[in-house]
Every structure is written in C-alpha cells, then in structure tokens.
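**Q** Take a look at the following structure, please.
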Amino acid sequence: MAYSVRHITRFRYEPAVRESVMEVRLQPRTDMRQRCLSFSLDVTPRANIMVYRDFFGNAVHHFDIPGQHEVVEVAAQAIVEVLPPTPSLATYACDWEELDERVAEGDYWEMLLPSHFARPTELLEKLRAELKLRRQGNPLELLQELNTELYESFEYAPNTTKVDSPIDDALEARRGVCQDFAHIMIALVRQLKIPCRYVSGYLYHEDKVKDRSPAGATHAWVEAYLGEMGWVAFDPTNNLPGCERHIRVAVGRDYADVPPTRGVYKGEAASELSVLVSVAPIDAPEPEELPPVMVIRSKPLNSASSLALDHQQQQQQQQ
Amino acid sequence: MTATAQPSRIRVQPSFVRYQYETAYDEMFSAPGVPREHYQALHRTLLGMPQEELLKRQQAADLTFLHEGITFTVYGSKEGTEKIFPNDLVPRIIPSIEWAKIEKGLTQRLTALNMFLRDIYHEGRILSEGLIPRELVYSCKHFRREMRGLNVPRDTYVSICGTDLVRLPDGSFAVLEDNLRVPSGVSYMLANRKVLKRVFPTMFRDYGVWPVDHYPQALLATLRSLTPENCQYRQDPTTILLTPGVSNSAYFEHTFLAQQMGIELVEGRDLLVHDNVVYMRTTAGLRRVDVIYRRVDDDFLDPLCFRPDSILGVPGLFNAYRAGNVTLANAIGTGVADDKAVYAYVPEIIKFYLNEEAILPNVPTFLMTNGKHRNHVLQNLEKMVVKAVGESGGYGMLIGPHSTAQQREEFRARVLAEPRNYIAQPTLSLSCAPCLIDGEVESRHIDLRPYILMGEKVTLVPGGLTRVALRKGSLVVNSSQGGGSKDTWVLREGNGEDRVAKITSFERKAG
C-alpha cells in the first residue's frame with residue numbers, strides 16, 4: 001500500500017524572534033517493512049537544510065534562521081510504500097528461553113534500560129500488579145494481551161496530558177493520548193526484560209474503521225523485540241497490531257529521542273504552533289477538504305532579561 | 001596564631017615537635033627524624049630559618065594569592081562562596097626516577113582510555129567480547145549515544161586530563177581517579193610555582209626543579225593540533241575558551257588560562273551556529289571558530305541536543321561538531337571513561353588495547369552491582385569510602401572512619417536503592433607531607449594531580465597539583481571540602497643529594 005503524506009508545522013511568533021535553530025524528524029524510514037519513495041522538505045523563511053542520521057538510524061534534517069522572523073513553516077511531503085505484514089509471522093513466535101538467549105547475544109540494552117519518559121514509577125508498579133503482568137505463556141501472546149488490556153484500562157482523551165507529561169499523569173487519571181499509551185507500554189514491556197522501543201509516525205484512517213486516535217495528527221506506538229520475529233509492532237491506543245496502515249518515521253527509546261520537531265530561538269514572544277497532517281492512498285483523488293489544523297498557543301515569558309536567552313520551541317504532542 | 005603572640009615560647013625556629021609520624025607513607029622522613037635524601041636540603045633550610053622569617057614569607061605568599069585573585073567557589077554554602085585558595089609553603093619533592101614512572105604510567109593509561117572511548121563509540125569490541133558489561137556503559141549517565149559513529153580529530157577524545165594519584169603505604173603510586181571531562185586546578189599549580197619561586201628563590205634554583213610555566217603554551221599547541229580537518233587550510237585557526245561564566249567555581253582559572261594562551265574567553269551567548277559553522281560575535285562582526293577549549297559540561301553545551309533548559313550552551317553546536325567543522329576539547333562523552341564503576345576496569349582496558357600490564361595500578365574497588373562486593377562493603381561501612389560514580393570534587397561521598405552512624409545508614413539505603421550509582425574503596429591512608437601550620441611543621445595527608453595533554457604528542461608538565469587535606473587527620477583533599485595545595489617539585493636528575501652541599505653553603509649565607 002502506498003501513501004502520500006503531508007505534514008505541515010507552522011510556528012508563529014508575536015513579536016518576531018531571531019536565531020531559530022531547528023531539528024526535524026519527518027522523513028519516513030526505509031527498511032524491511034516500508035520504503036520511502038520520495039521526500040521533500042520546504043522551510044520558510046528560506047534556510048539551508050542539512051541532514052544527518054541519528055544513532056537509531058533516523059534521518060534528521062536541521063537548519064537555522066539567524067535573522068528576525070515571525071513565522072517558521074516546515075512542510076514535509078513524502079510518498080511511502082508500506083509492505084503487507086508477513087502472515088506466517090506467528091509461526092516464528094519464540095519462548096522465553098529463546099528470547100533471553102537472543103537478547104543476550106545482541107546489543108539491546110538501550111531498549112531495556114529505563115529512559116526519559118519510559119521509566120518505572122510507583123503508579124506503574126500498581127498497574128502492573130493490577131494487570132497481573134508477569135512472564136507466562138509465550139511472549140507474543142502476552143504482549144498481544146497487554147496491548148488490549150491497556151486499550152481497555154485507559155480512556156483516550158486529548159488535552160488531558162501535555163507533550164512533556166510524565167507517565168504518572170496518565171497513570172493517575174487513567175487517560176491520555178497515544179504518546180502516553182506508548183510510554184506506559186514500553187515501561188511495562190521493559191520490566192519483562194523484553195527490549196521495547198517508541199515509534200513515531202502516522203496512522204492512515206480508513207472510513208470504515210473507527211480508530212480512537214484522530215486523523216490529522218502524528219501518531220505513536222511501540223515495537224518489542226521478539227527474537228526471530230524481529231521488532232513486532234503494537235498500537236495500544238487503538239488496540240491494533242502493527243499493520244499496513246502504520247507509517248513509521250522514527251524509532252527511539254521514547255518521545256524524547258524522536259520529537260517530529262525540536263528547536264530553540266532567541267527573543268521573547270507569544271507563540272502559536274499549528275500542525276496539519278494528511279495521509280491518503282497515493283491513488284486517491286486529492287481531498288477537497290483538508291483535515292482540521294491542530295493549534296497550540298503559549299503565553300510569553302515575563303522576565304525582560306530573557307531576551308538574550310534561548311527559548312525552547314513548542315513541540316507537537318503525538319496523538 | 002603566630003609565635004610572637006605566645007611569649008612563653010622560647011624556640012624561634014620552626015620545629016618538628018608537633019610533627020606526627022603515621023602509618024601512612026611519609027614523603028619527607030624515612031624514619032622519625034631521618035629525612036629522605038631528596039628532602040635533606042629542604043629539611044635543613046626549614047630548621048635553619050627563623051620562625052618569624054617563615055611566617056613573613058607565608059604572609060607574603062598569601063598576599064600574592066589575594067592580590068592576584070586566585071580563588072575558587074564552594075557550592076552550597078550560604079556565606080561568601082568565593083574563597084582564597086589556601087596554599088602551603090613547603091614544597092613537595094618528587095625525585096626524577098619516580099616521576100619517570102608516573103609519566104610512563106599516565107601516558108599508557110590515557111592512550112588506552114582514548115582507545116576505549118573510540119571503541120565504545122564505534123565498533124564496541126570490548127563490549128562484544130564481554131570484557132566490560134554493556135549495561136555498565138549504557139547505564140552511565142555520561143554515555144552520549146549521540147557520539148556513536150562520530151569521528152574526532154586524531155581519535156583523541158581526551159586531550160586534557162588530570163589524574164589523581166595517591167601514594168600507598170609501601171611508597172608506590174596508584175591511581176585514585178581519572179578526570180577526563182573538564183579537569184580543573186592547573187592554574188593553582190602555576191600560581192603555586194610563581195609564588196614559591198618568589199618566596200624561596202635560591203633554594204628553588206639550587207634544587208634543580210623542572211619548570212612548569214610552559215603549560216599554557218603546551219595547552220595551546222595541543223588545542224591547535226586538534227584543528228578539524230575541514231579547517232586545516234586555515235593558516236591560523238581560531239581557538240577559544242568557552243566558560244559557563246562568572247558563577248562557575250573555576251572561573252578564575254578560565255580567565256587565567258585564556259589570558260596566558262592569548263585566546264578569547266567567551267560564554268555561550270557570544271557564539272552562534274549558522275549552516276553548521278560556529279561563529280563568535282565580535283565588535284568587528286562574526287568570526288569563524290575552529291577549536292573550542294570548553295569548560296562547560298556536556299549536558300549544558302547545546303540546548304538543542306542535550307539539556308533543553310541550558311542557558312550556557314550554543315544551540316546547534318553539536319551539529320557543527322558532528323559535521324566536523326569545529327573541535328571540542330575534550331570531546332563530548334568522555335565522562336563514561338572516568339565513571340567510577342568503569343574505573344575498576346581500567347587495568348583490563350589497558351591490557352585489552354595495548355597488551356601491556358598497567359604501570360600505575362588502581363586502588364582496590366568494590367562494585368555495588370556485584371552482590372558479593374556489596375555485602376562485604378555494607379558489613380564494613382565504617383572502614384570504607386563510598387563514592388557516587390558520576391560525581392567529582394568530593395561531593396556525594398562517605399568516608400567510613402569519619403562518619404556518623406546516621407550517615408552510614410543513609411548511605412546504606414542509597415546504595416541499596418541504586419547500586420549502579422555507587423562504588424566503595426577501602427579507606428586509603430594517603431601519604432603525609434610536611435606543611436607549615438601556624439609557624440610549626442606538621443604532617444598532613446596529600447595526593448597528586450598531574451596534568452596530561454594529548455594532541456600531536458603527549459605532554460606531561462613535570463609536576464602537578466599536590467592537594468593537601470589541611471584539616472588535621474582529614475583524608476579529603478578537595479578544595480571544595482577544605483583542602484589546600486602546595487607546589488610540586490620534580491627534580492631534573494638524581495634525588496637532590498648532589499646538591500645538598502651547595503644548599504648548605506646557601507644556608508650559612510642566609511643565616
């Protein structure tokens with residue numbers, strides 16, 4: 001299945017700011033499961049775009065805008081082909097012993113140790129006890145069950161958590177967005193000594209399926225390493241296994257490794273972040289109506305001395 | 001308190017009556033009252049000099065430190081945090097033969113540690129061969145995954161190193177810890193020398209001491225030899241010193257070194273990155289920067305890449321670094337090699353990369369992640385020194401013999417909660433050296449921090465910072481914990497014996 005993806009991020013500052021420096025992770029990955037056939041990135045005001053590959057193999061584009069500016073717009077456009085999942089995958093399902101051997105052989109520590117967002121807390125421990133989560137049966141089935149249990153125990157509720165919320169916020173309220181679902185699942189899976197990582201990307205929404213996560217936003221889910229099966233995807237927000245509708249952009253230990261955009265600027269300003277995401281099959285006609293735009297506003301900082309300081313640009317939460 | 005304030009005291013010359021001979025190695029005396037050969041001349045000078053004269057010289061030295069603003073900052077104290085760095089007048093003397101071994105040992109150690117850093121940020125041979133547990137490296141808070149696959153000029157990650165050595169009771173030197181991030185204190189080494197030369201000019205000359213004054217030039221040459229390949233067409237690379245600013249404990253040193261090297265001292269806000277190139281804002285416009293001697297910790301260098309709340313850094317600096325357009329000295333991510341748990345593996349690291357035995361041994365170290373070690377340590381806490389692995393400067397440690405039961409309980413809980421964060425070592429009796437305390441010579445515990453530079457070649461300035469635990473009986477030499485320092489004399493040849501006659505004649509003249 002081939003998709004055309006558009007992802008436009010716009011920052012508006014009032015008054016103007018200067019010396020914006022930005023890094024974006026927007027180029028879909030090319031690997032065994034998908035191919036990024038084309039990718040383009042446009043930045044306004046004009047800037048020199050440079051690219052490198054980070055330590056997880058994600059393409060990172062970066063640029064800087066030294067002069068005064070009120071708007072930064074980053075428009076990414078990609079054509080991606082997602083390969084259908086191998087149907088016989090489950091026959092490779094391994095038992096715990098095999099899995100442990102595999103993990104010990106390879107270099108998976110990064111995805112086993114606690115990371116910035118995905119770390120054990122008291123509330124997580126409570127949830128683990130409640131779900132009676134422990135090694136049993138076979139790893140694949142256990143994670144499939146966990147995927148469903150998380151879907152059922154948490155309400156999907158936008159605007160209840162923020163982009164930098166620790167998992168305890170969602171654990172306490174029992175609701176959140178895909179970013180929270182993913183972080184909670186990662187932390188739980190790592191406690192089972194199964195390597196688990198965060199995937200940032202998009203989900204294609206078909207009309208006939210009711211997904212909890214909305215169209216018009218980026219999405220996040222997890223991948224767990226299950227021996228011979230490799231990295232297997234789970235989407236606890238929508239109670240889905242990884243499928244042909246998941247388009248993978250970047251992988252990391254958690255959101256902190258792979259935010260779609262990250263930047264700093266100098267100047268004191270109120271800022272407004274708006275994000276537009278559209279995912280459509282490549283052969284579909286151009287949609288007449290663009291999906292809604294997500295807008296987040298921030299108040300300016302009050303201290304006058306902060307003019308020369310670097311301010312963090314707002315980040316987009318994955319929904 | 002001075003001698004003149006005590007009329008009852010008859011003696012006018014300093015004595016060694018209050019000098020305590022301990023079980024620890026004594027730098028000056030081989031037996032009570034019997035000075036070692038290389039200390040004989042100094043011993044005689046001290047005995048031959050009127051106490052009043054010594055006190056005068058100490059005052060003169062203190063004044064110089066005050067006037068030159070040689071200070072350091074103690075964090076976490078409410079009153080004036082900036083203090084004069086206490087200095088002791090009696091030099092510490094190291095014979096050339098001992099220094100030769102230190103020099104060889106430290107060169108070997110730093111060579112191996114640089115190879116280790118290159119390895120863990122590239123192929124990871126030492127990890128895949130199982131010599132060092134992967135978990136130990138990845139769980140180190142100074143491990144920078146961003147550095148993976150990134151090449152640094154000359155494969156030199158640590159080009160400026162300060163290694164802490166201690167002398168064990170048998171007289172041999174051992175490494176207590178490596179400082180591979182932003183080692184400080186070298187300005188005190190230079191200041192001590194400057195003052196001592198003024199206070200004891202003749203004795204200094206006659207002893208035949210290796211100079212240390214060329215350190216700033218050697219440092220500059222080292223930095224310039226690390227100019228990125230991309231910039232090598234440039235005749236005169238721009239080298240700068242990046243400081244966190246006036247509130248940093250070593251700010252004095254930053255200004256001092258920048259001035260001695262004749263390079264710009266800048267803060268993060270003076271720099272900007274455009275199209276992967278670092279520029280310095282000057283009154284004449286932007287100027288390209290090639291080499292940065294940074295005295296800012298990794299975490300604060302680039303808010304885009306590391307701590308986003310850092311206001312000390314330069315956004316985009318890491319990208320310029322990755323692109324090979326600027327050199328940072330030391331490189332980013334060197335802290336993983338001076339992690340105190342990794343320290344325990346250094347002898348094996350040397351063996352692995354160089355196929356040699358370590359010339360300078362480690363001190364015995366217990367890893368708290370090892371259950372057996374942990375039990376042993378927790379049962380003998382009052383005999384142990386427990387240290388947090390990622391800390392330096394004497395913060396976050398427990399000195400067993402000098403601790404209260406409450407402190408021990410606190411550390412027991414901390415170790416059990418986070419075993420990876422702690423190591424323990426048996427309490428070492430650091431060697432003792434004579435120090436001038438209120439006009440009398442007393443013995444105090446000391447260590448030694450030599451500074452090693454690694455660029456095109458390895459440079460060890462003969463000497464280093466001898467740190468003194470000024471509190472009687474104390475084993476903590478860190479300046480932040482009430483330590484001071486003294487000048488370190490490395491002798492050019494022999495052990496000073498041949499010069500004794502000469503100096504005796506000087507004493508007669510002076511007396």
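The values are calculated or read from the model by the stated rules, or taken from the named source; none is laboratory data. Small disclaimer: the values here were computed from a predicted structure and weren't measured. FYI the Cβ positions are ideal-geometry reconstructions off the backbone, even for glycines, and counts take in every protein chain you see. The accessibility values were calculated without ligands, DNA or RNA, using every heavy atom of the protein model including side chains. Shrake-Rupley method; radii C 1.70, N 1.55, O 1.52, S 1.80 Å.
**Q** Ordered by packing density, taken as the mean number of other Cβ atoms within 10 Å over each peptide's residues, highest first, how do B:133-141, B:301-309 rank? It would help to have the intermediate numbers written out before the result.
**A** Working: B:133-141: 18.2, B:301-309: 21.2.
Highest-to-lowest ranking by the protection proxy: B:301-309, B:133-141.
**Q** Something else now. When Cβ neighbours within 10 Å are restricted to other protein chains, what is their mean count per residue of peptide A:109-120? Numbers along the way, then the final one.
**A** Details: counts 8, 4, 0, 4, 4, 1, 0, 0, 0, 0, 0, 0.
Average per residue, whole number: 2.
**Q** Okay, moving on. Assuming a viscosity of 0.890 mPa s and a temperature of 25 °C, what translational diffusion coefficient in µm² per second does Stokes-Einstein assign to segment B:252-299, Rh being the Kirkwood radius over Cα pairs? Mind showing how you got there, number by number?
**A** Details: Rh = 11.9 Å.
Translational diffusion coefficient: 207 µm²/s.
**Q** Let me ask something additional. Mind scanning A:266/B:387; A:132/A:210; B:101/B:387 and naming the pairs with a C-alpha gap bigger than 32 Å?
**A** Among A:266/B:387; A:132/A:210; B:101/B:387, the Cα-Cα distance tops 32 Å for A:266/B:387.
**Q** Could you grab the Rg to Rh ratio for chain A? Cα atoms only, Kirkwood for Rh. Walk me through the numbers on the way to the answer.
**A** Working: Rg = 20.0 Å, Rh = 20.5 Å.
So for chain A, dividing Rg by the Kirkwood Rh gives 0.98.
**Q** Could I ask something else about it? How large, in percent, is the carbon and sulfur part of the accessible surface of segment B:366-426 at a probe radius of 1.4 Å?
**A** 50
**Q** Still on this structure, I have one more. Rg to Rh ratio, segment B:192-321, alpha-carbon atoms and Kirkwood radius? Mind showing how you got there, number by number?
**A** Numbers: Rg = 17.7 Å, Rh = 16.5 Å.
On the Cα set of segment B:192-321, Rg over Rh gives 1.08.
**Q** For the interface of B with A, what's the total buried accessible surface in square angstrom, probe 1.4 angstrom, rounded to the nearest hundred?
**A** 2300
**Q** Follow-up question, since we're still on this one. With the Cα gyration tensor of segment A:39-147 in hand, give its eigenvalues times 5 under a square root as the equivalent ellipsoid semi-axes, listed largest first in whole angstrom.
**A** The equivalent ellipsoid of segment A:39-147 has semi-axes of 41, 21, 15 Å.
**Q** Moving on to the next point. For segment B:366-426, how big is Rg over Rh, using alpha carbon atoms and the Kirkwood form of Rh?
**A** Numbers: Rg = 10.1 Å, Rh = 11.1 Å.
My calculation puts Rg/Rh at 0.91.
**Q** Then there is this: Give me the mean projected area, in nm² to one decimal, of the convex hull enclosing the Cα positions of chain B.
**A** 25.8
**Q** How much of the accessible area of segment B:95-181, in percent, comes from carbon and sulfur atoms when a 1.4 Å probe is used? Please list the in-between numbers first.
**A** Working: 1480 of 2950 Å².
Summing carbon and sulfur atoms, their accessible area is 50 percent of the total for segment B:95-181.
**Q** I'd like the distance separating the alpha-carbon centroids of segment B:442-461 and segment B:247-261, in whole Å.
**A** Centre-to-centre distance over Cα atoms comes out at 19 Å.
**Q** How high is the FRET efficiency from residue B:52 to residue B:471, r the C-beta distance, R0 22 Å, rounded to 0.05? Write down the numbers at each step before the final one.
**A** Working: r = 26 Å, r/R0 = 1.17.
Approximately 0.30, to the nearest 0.05.
**Q** List the residues, sorted by chain then number, that are 5 or more residues from residue A:30 or on another chain and whose placed amide H is less than 5 Å from its amide H.
**A** When sequence neighbours closer than 5 places are left aside, the close amide H contacts are A:36.
**Q** Please give the FRET efficiency for residue B:442 paired with residue B:64, using the beta carbon to beta carbon distance and R0 = 22 Å, rounded to the nearest 0.05.
**A** On the way: r = 23 Å, r/R0 = 1.04.
Between residue B:442 and residue B:64 the formula returns 0.45.
**Q** Kindly provide the helix-only [θ] at 222 nm of the protein assembly as shown, computed as the sum of -39,500 (n - 2.57) over DSSP H runs of four or more divided by all residues, to the nearest 500 deg cm²/dmol? List each step's numbers first, then the result.
**A** Working: 21 runs with 213 residues, N = 830.
The helix-only estimate for the protein assembly as shown comes to -7500 deg cm²/dmol at 222 nm.
**Q** Give me a comma-separated list of calculated 3J(HN,Hα) values for segment A:65-76, in order, Karplus coefficients 6.51, -1.76, 1.60 applied at θ = phi - 60°, integers in Hz, x for any Gly or Pro.
**A** Coupling constants for segment A:65-76: 10, x, x, 5, 7, 9, 9, 10, 10, 10, 10, 10 Hz.
**Q** Which whole-Hz couplings ³J(HN,Hα) result when phi for each residue of segment B:138-152 is put into the Karplus expression 6.51 cos²θ - 1.76 cosθ + 1.60, θ = phi - 60°, listed in order with x for Gly and Pro?
**A** 5, 8, 6, 6, 9, 6, 10, 4, 4, 7, 4, x, 8, 9, 10
**Q** Taking amide hydrogens as modeled 1.01 Å from N in the peptide plane, which residues meet the under 5 Å criterion relative to residue B:87, leaving out close sequence neighbours?
**A** B:485
**Q** Can you list the aspartates and glutamates whose alpha carbon is less than 14 Å from that of residue B:141, not counting same-chain residues fewer than 8 positions off?
**A** Straight-line reach from residue B:141, under 14 Å: A:110, B:297, B:298, B:299, B:338, B:339, B:391, B:418.
**Q** Taking the Cα centroid of segment A:134-184 and of segment A:105-123, what is the distance between the two, rounded to the nearest whole Å?
**A** Each part's Cα centre sits 16 Å from the other's.
**Q** OK, next. For chain A, what does the accessible surface come to per residue with a 1.4 Å probe? Please give it in Å².
**A** Values: 14300 Å² over 319 residues.
About 45 Å² of surface per residue is accessible.
**Q** Ok, one more. Working only with C-alpha atoms, what are the Rg and Dmax values of segment A:86-257, expressed in angstrom?
**A** For segment A:86-257, the Cα radius of gyration and maximum Cα-Cα distance read 15.1, 44 Å.
**Q** Any idea what log10 I(q)/I(0) is at q = 0.04, 0.05, 0.10 Å⁻¹ for the protein assembly as shown, Debye with uniform C-alpha scatterers and no solvent?
**A** Ignoring solvent entirely, the Cα scatterers give -0.22, -0.33, -1.13.
**Q** Of all the accessible heavy-atom surface of chain A, with the other protein chains kept in place and a 1.4 Å probe, what percent is carbon and sulfur?
**A** With neighbouring chains kept in place, the figure for chain A is 50 percent.
**Q** Please work out the FRET efficiency for the pair residue A:129 and residue B:246, using the Cβ-Cβ distance as r and a Förster radius of 51 Å; give the result to the nearest 0.05. Walk me through the numbers before you get to the answer.
**A** Details: r = 51 Å, r/R0 = 1.01.
With R0 = 51 Å, the Cβ-Cβ based efficiency is 0.50.
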